[in-house]
Amino acid sequence: MNLPERVGQNIQDVRRARGLSQEALSFSAGLSRSYMGKLENGKNAMSLTALEKIANALGVDPSELVKPRTNRK
């Protein structure tokens, strides 16, 4: 799994754990829903600014979205 895929999966995992839709997260982060979908699917690499916006919207430190996750379902 490459880094954009890992970050996308981590965003999706945290978003779902918080009970948020992609639309709600994208609105909170100030990003488009279609862009959020591409990020979650690992289709787009993101800027550090976008990573920070998403992390803030999810209430986590940006490092949580980059590190490997061990609790996959």
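The values are calculated or read from the model by the stated rules, or taken from the named source; none is laboratory data. Computed from a prediction, not measured in an experiment: that's the story for all the values here. Cβ coordinates were reconstructed from backbone atoms using ideal geometry, including for glycine residues, and neighbour counts include every protein chain displayed.
Worth pointing out:
- Among the residues of this structure, residue 49 counts as one that is assigned to a helix (DSSP H, G or I) and hydroxyl-bearing (Ser, Thr, Tyr).
- Identity of the residue in segment 27-61, touching a Leu at 6+ places or on another chain (Cβ under 9 Å) and without any contact (Cβ under 8 Å) to a residue 12 or more places away in the chain, that ends up farthest from residue 4 (Cα to Cα): 33
- Matching entry among 39, 31, 51, 58 (being of a type in the set (A, V, I, L, M), closer than 12 Å to residue 14 by Cβ and touching a helix residue (DSSP H, G or I) at 6+ places or on another chain (Cβ under 9 Å)): 58
- One residue stands out in segment 7-49 among those that are touching a Gly at 6+ places or on another chain (Cβ under 9 Å) and small (Gly, Ala, Ser): the one that is surrounded by the fewest Cβ atoms within 10 Å (Cβ to Cβ), namely 42.
- Residue list for segment 50-64, restricted to those being under 15 Å from residue 28 (Cβ atoms) and either surrounded by fewer than 11 Cβ atoms within 10 Å (Cβ to Cβ) or modelled with pLDDT under 95 (or both): 59
- Candidates in segment 1-22 are the residues that are part of a helix (DSSP H, G or I) and free of Cβ contacts under 8 Å to residues at least 12 places away in the same chain; of these, the one that is nearest to the chain's Cα centre (by Cα) is 16.
Listed here are the residues, each with its yes/no results for (1) more than 15 Å from residue 59 (Cβ to Cβ); (2) acidic (Asp, Glu); (3) in contact with an Asp or Glu (Cβ under 7 Å, 6 or more places away or on another chain).
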| position | (1), (2), (3) |
| --- | --- |
| 2 | yes, no, no |
| 7 | yes, no, no |
| 21 | yes, no, no |
| 25 | no, no, no |
| 33 | yes, no, yes |
| 37 | yes, no, no |
| 46 | yes, no, no |
